[in-house]
Each structure stands twice: as structure tokens, then as C-alpha cells.
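The structure under discussion is supplied below as C-alpha cells; questions concerning it will follow.
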Amino acid sequence: MIIGVDAYYLFAEHIDGLGNYLLRLLKELSRIDRDNEYYLYTPGVTHADYAEAIFSNPRFKLREIPGIYRDKRRLWLQSPSLKRQILRDGVDLFFAGAEYFPLFLPRSVTVATTIHDVAYKAMPEAISLTNSLFYNIFFPFFIRRADLFFTVSNHSKKEMVDYLGIDGKKISVIHNGIELEKFPPAKKGEKKDYVLFVGTLQPRKNLVNLIKGYCLISGRVADDLVIVGGSGWKNSPLRELIDGLDEALKKRIIFKGYVAGDSLSQLYREAKLFALPSLHEGFCLPILEAMASGTAVLTARSTAIPEVFGDAAAYADPLSPEDISEKLLDLLSSNRKRTTFEKLGLVLSKKYDVRIQAAGYLSSFASIAASINKKKGTK
């Protein structure tokens with residue numbers, strides 16, 4: 001089967017959660033797939049390390065389509081030159097790992113898209129105006145055009161059925177995975193005095209309540225709060241909160257901005273505790289990355305998080321800064337409790353190896369190929 005892929009994230013300046021999901025998956029598919037042929041479409045290549053690994057398999061071919069909208073992925077995907085190249089390549093299946101895809105592909109091309117969550121329906125107040133317009137006005141057209149769907153948790157599948165009206169029989173659940181070797185667990189004595197948060201700075205990640213909870217115990221702990229993530233949207237409450245703190249406390253809340261690669265892995269590994277009391281998640285890769293790094297996790301028992309991480313994480317009420325503060329203090333004060341969660345997290349993380357994830361997609365691709373061949377045989 002010939003598979004076309006939206007590989008825009010090979011070009012994107014920063015790799016967000018969607019980009020990490022897709023590029024890790026493509027890298028592993030390149031390692032194991034010797035049957036299918038892939039065409040990866042992108043405006044260009046910025047991340048040479050990923051490109052080198054992916055294109056080491058000669059069955060994976062690069063197609064650079066610059067286009068005038070190369071800096072705006074959702075618009076770039078609709079460029080006529082991209083559609084023409086897909087048709088020239090004789091693509092049987094177009095795989096869209098990040099929801100959007102070339103909308104006007106003929107029905108002869110099967111389209112499978114991954115919807116990671118339905119936060120724009122479940123938490124509309126936490127979505128930026130631009131994203132709200134795209135999702136509510138344009139996204140229904142993509143849902144109607146797609147033939148098949150992937151998602152990353154059973155919770156997200158249920159939301160896709162309930163909120164979007166998608167036939168559950170068309171949805172395959174394949175949990176996310178990471179390259180475990182990229183997140184080696186901490187060695188003895190490597191932990192430092194800080195709590196780590198990783199995520200885009202936007203309301204759904206609930207950073208405001210985490211900071212409020214941290215401030216309530218800051219005088220009783222030696223640990224700083226380290227915040228990693230690019231700026232998102234609707235962050236005026238976050239700015240107002242930080243501006244209202246005294247200078248001594250501000251210095252203990254450290255904003256690192258966007259961090260990736262070995263630097264991020266080191267931050268995960270050295271953190272005494274990872275905290276992300278998110279309000280809505282389809283899976284949550286940062287929690288998995290922290291667990292694989294041997295770091296105890298405090299999160300929220302919301303949406304897909306308990307399904308994916310079960311008893312390997314500690315939980316706090318995400319709407320209560322007081323409860324978050326109590327749970328933070330409890331974990332920071334108890335080496336025994338942190339060690340218990342560190343061990344549970346390390347064991348659990350082995351379930352979510354990218355190799356398992358890629359094998360799931362490869363099996364699904366084989367089923368899709370069989371269906372396509374059957375249809376061709378009946379014509």
C-alpha cells in the first residue's frame with residue numbers, strides 16, 4: 001500500500017505534543033515496516049535528526065511542498081500543489097496524525113485521521129478564538145470527509161462519539177508511546193529540589209491553580225517550581241497572578257520557555273516531583289515522559305488520565321488550590337511516598353513503548369490495505 005503522511009512537523013520550528021506523537025511514530029514505523037511505501041509531505045526539513053532516522057528506510061520518501069502558506073499548517077495542507085503531488089504519487093491511504101488533512105482529496109484516496117481529544121467541545125472556554133473558529137466552522141467538513149479515525153484513549157473515543165457523532169466502528173484506539181531510551185530514569189543522588197510542570201501555557205493545563213497551590217506551601221518547602229512550555233493563549237489570569245506575587249516568591253517560580261531533547265529529559269530526570277493537574281487530556285505525553293524518567297507524578301483524576309495512568313500517579317482536585325497544595329506538601333515531605341510512585345510509574349511506562357504503538361498502527365494499516373484491495377477487486 002502507498003501511504004501519504006502529513007509530515008509538516010519535520011518543518012515546524014517547535015515540536016509540540018502532536019509533533020512528538022507523529023515524528024516518534026514515523027521514526028518507529030520506518031524501523032519496522034518493510035511492506036508499505038510512504039510519501040511524507042512537508043514544506044521543508046528543520047529537524048534533521050528525525051529526518052535522518054525516518055528516511056534511513058528507502059521505502060520512506062520525502063516530498064517537499066513549500067507553498068505560500070508554509071508557516072500556517074492548516075492552510076498549507078489545502079494548497080493545490082500538495083493535492084497534485086499526492087495524486088501523482090498514487091497514494092492509497094492518506095494518514096493525518098494531527099486531525100487536519102487536504103480536504104479535497106478524491107474519494108479514491110482513503111483518509112484516516114487521528115483526533116487526540118475533543119477539548120474544543122468539552123472545554124470551549126479554554127480554547128483560543130482562532131482555534132474555536134477553525135474547529136467549529138471548518139472541522140466538521142474534515143470529519144465528514146475522513147473515512148477512518150484513530151484516537152489515543154478510550155475516553156477520547158467516547159468523546160468523539162458523543163460530541164462529534166462519529167460512528168464508533170470507524171474509530172481505532174491506539175495508546176500513545178514514547179522512546180523509553182530517550183527518558184532514562186534518574187540515578188541515585190541525581191534528584192534536585194524542584195517541582196516540574198511541562199505543557200503549553202494555556203487554561204486547559206490548569207497552571208494557575210498549580211501556582212496558587214505551590215504558593216500556599218512555598219514557605220514550608222525548599223523546592224522551586226520550574227515551568228516548561230511555550231506560551232499558548234488566554235493567559236492573562238496567569239500573568240496577573242505572577243505580577244501580584246512578591247519578588248522573593250517570583251524568583252522561585254522559574255519559567256524556562258520551550259525546552260526539548262536532552263535538556264528536557266534532564267529536567268524530567270532531576271525533578272523531585274512532576275505536577276500537572278490538567279483539566280482535560282486525551283492521553284498526556286508529559287506525564288508518561290516524567291514516569292519513564294523515574295519521577296513521581298501529581299495530576300488530576302480527569303478525562304483520560306486515570307484510564308491511562310491508573311494508580312501509578314497521585315491525584316489532586318484540579319479545581320482546588322488548597323487540595324493541590326496539600327498533595328504537593330505530602331509528596332515533597334515523604335521520600336517513601338515519592339519512591340513508591342517512582343517505582344509504579346517506571347513499571348507502567350513500559351506499557352507505552354513507541355514500539356507497541358507503532359505495531360498497533362502497522363496492524364491497522366494492514367487491515368486498511370486489505371479493505372482497499374477488496375474494493376479494487378470488486379470493481
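The values are calculated or read from the model by the stated rules, or taken from the named source; none is laboratory data. Source: prediction; values computed, not measured. As a convention, Cβ positions derive from the backbone with ideal geometry for all residues, glycine included, and neighbour counts pool all protein chains shown. Please note that ligands, DNA and RNA were not included when accessible areas were found on the heavy atoms of the full protein model with its side chains. Shrake-Rupley method; radii C 1.70, N 1.55, O 1.52, S 1.80 Å.
Got a sec to turn the phi values of segment 292-306 into Karplus ³J(HN,Hα) couplings, 6.51 cos²θ - 1.76 cosθ + 1.60 with θ = phi - 60°, whole Hz, x for Gly and Pro?
Result, ordered by residue: 4, 7, x, 10, 5, 10, 10, 9, 10, 7, 10, 6, 7, 4, x Hz.
What number do you get for segment 197-246 when its Cα radius of gyration is normalised by 2.2 N^0.38 Å, N = residues?
1.14
May I ask for the Kirkwood hydrodynamic radius of segment 1-80, worked out over all distinct Cα pairs and given in angstroms to one decimal?
After inverting the mean inverse Cα-Cα distance, the result is 12.7 Å.
Could you tell me the center-to-center distance, by alpha carbons, between segment 37-55 and segment 10-35 in angstrom?
8 Å
With the Cα gyration tensor of segment 271-356 giving a ≥ b ≥ c as the square roots of its eigenvalues, does the rule (a/c under 1.5 for rounded; else a/b larger than b/c for prolate; else oblate) give rounded, prolate or oblate?
Oblate.
Are there GluC sites (Glu not before Pro) in segment 176-233 that DSSP puts in a loop and that have at most 13 other Cβ atoms within 10 Å, and which ones?
Glu190
Rounded to the nearest 10 degrees, what's the angle between the helix 354-378 long axis and the longest principal axis of the chain, both from Cα atoms, 0 to 90?
20 degrees
If you place +1 on the Cβ of every Lys and Arg and -1 on the Cβ of every Asp and Glu, how big does the dipole about the Cα centre of the chain come out, in debye to the nearest 20?
Taking the Cα centre of the chain as origin, the dipole is about 1000 debye.
Which value does Rg/Rh take for segment 126-249 over its C-alpha atoms, Rh per Kirkwood?
1.08
Which one, Ser302, Ala292, Ala12, is farthest towards the positive end of the dipole of the chain when Lys and Arg carry +1 and Asp and Glu -1 on their Cβ?
Ala12
Which value, in Å², gives the accessible area per residue of segment 1-83 when a 1.4 Å probe is used on the protein heavy atoms?
Ligands and nucleic acids excluded, the result is 43 Å² per residue.
In whole Å, largest first, what are the principal axis extents of the Cα atoms in segment 1-140?
45, 31, 27
What is the dipole size for segment 185-283, taken about its Cα centre, with +1 at each Lys and Arg Cβ and -1 at each Asp and Glu Cβ, in debye to the nearest 20?
Dipole magnitude for segment 185-283 comes out near 180 debye.
Which angle between 0 and 90 degrees, to the nearest 10, do you get for helix 335-349 versus the longest principal axis of the chain when only C-alpha atoms count?
Computed tilt is about 10 degrees.
Still on this model: Can you list residues from other chains, or at least 5 along the same chain, whose modelled amide H is less than 5 Å from the amide H of Ala186?
Distant-sequence amide H within range of Ala186: Gly294.
OK, next. Of the accessible area of the chain, with the probe set at 1.4 angstrom, what percent is carbon plus sulfur?
About 54 percent, which is the carbon plus sulfur part of the accessible surface.
Can you pull out the trypsin sites (Lys or Arg not before Pro) in segment 89-169 that DSSP calls coil and that have at most 11 other Cβ atoms within 10 Å?
Loop-located and lightly packed - Arg107.
Non-local amide H neighbours of Asp224 (under 5 Å, H modeled in plane, Pro and chain starts lacking H): which ones?
Distant-sequence amide H within range of Asp224: Tyr194, Val195.
A further question follows. Once phi is turned into ³J(HN,Hα) by the Karplus curve 6.51 cos²θ - 1.76 cosθ + 1.60 with θ = phi - 60°, what whole-Hz value does each residue of segment 3-12 show in order, with x for glycine and proline?
Rounded to whole hertz, the list is 10, x, 9, 6, 10, 3, 5, 5, 9, 4.
To continue, here is another question. Rank these residues by their accessible area, most exposed first, probe 1.4 Å: Tyr163, Tyr100.
Ranking Tyr163, Tyr100 by accessible area, largest first, yields Tyr163, Tyr100.
How much of Leu93 can a 1.4 Å solvent probe reach, expressed as accessible area in Å² and rounded to 10?
Approximately 0 Å² of Leu93 is accessible to the 1.4 Å probe.
Let me ask you something else. I'd like the accessible area for Asp162, computed on protein heavy atoms only with a 1.4 Å probe and all protein chains in place. Round to 10 Å², please.
100 Å²
How much accessible surface does Tyr69 have with a 1.4 Å probe, in Å² rounded to 10?
Accessible area of Tyr69: about 110 Å².
Let me ask another. What pairs from Lys83/Lys234; Lys170/Lys351; Lys121/Lys251 go past 32 Å between their alpha carbons?
Distance filter (> 32 Å) returns Lys83/Lys234; Lys121/Lys251.
Using each residue's phi in segment 123-132, evaluate 6.51 cos²θ - 1.76 cosθ + 1.60 at θ = phi - 60° and report the 3J(HN,Hα) Karplus result to the nearest Hz, with x for Gly and Pro.
Karplus-based 3J(HN,Hα) across segment 123-132 equals 9, x, 5, 9, 9, 5, 4, 4, 5, 4 Hz.
Please work out, to two decimal places, the log10 of the ratio I(q)/I(0) at q = 0.07, 0.11 Å⁻¹ from a Debye calculation in which every Cα of the chain carries one identical scatterer.
Debye curve over Cα of the chain, log10 I(q)/I(0) at q = 0.07, 0.11 Å⁻¹: -0.32, -0.79.
Leaving out same-chain residues fewer than 8 places away, which aspartates and glutamates sit with a Cα under 14 Å from that of Lys191?
Candidates past the 8-residue exclusion: Asp223, Asp224, Glu270, Glu342.
Using only the heavy atoms of the protein chains and a 1.4 Å probe, how would Ser371, Ser293, Ser364, Ser108 rank by accessible area, largest first?
The most accessible residue leads, giving Ser108, Ser371, Ser364, Ser293.
Turning to a different aspect of this structure: Whose amide H sits under 5 Å from the amide H of Phe94, counting only residues 5 or more places off or on another chain, with H placed in the peptide plane?
Close amide H contacts, sequence-distant or interchain: Gly4, Thr110, Val111, Ala112.
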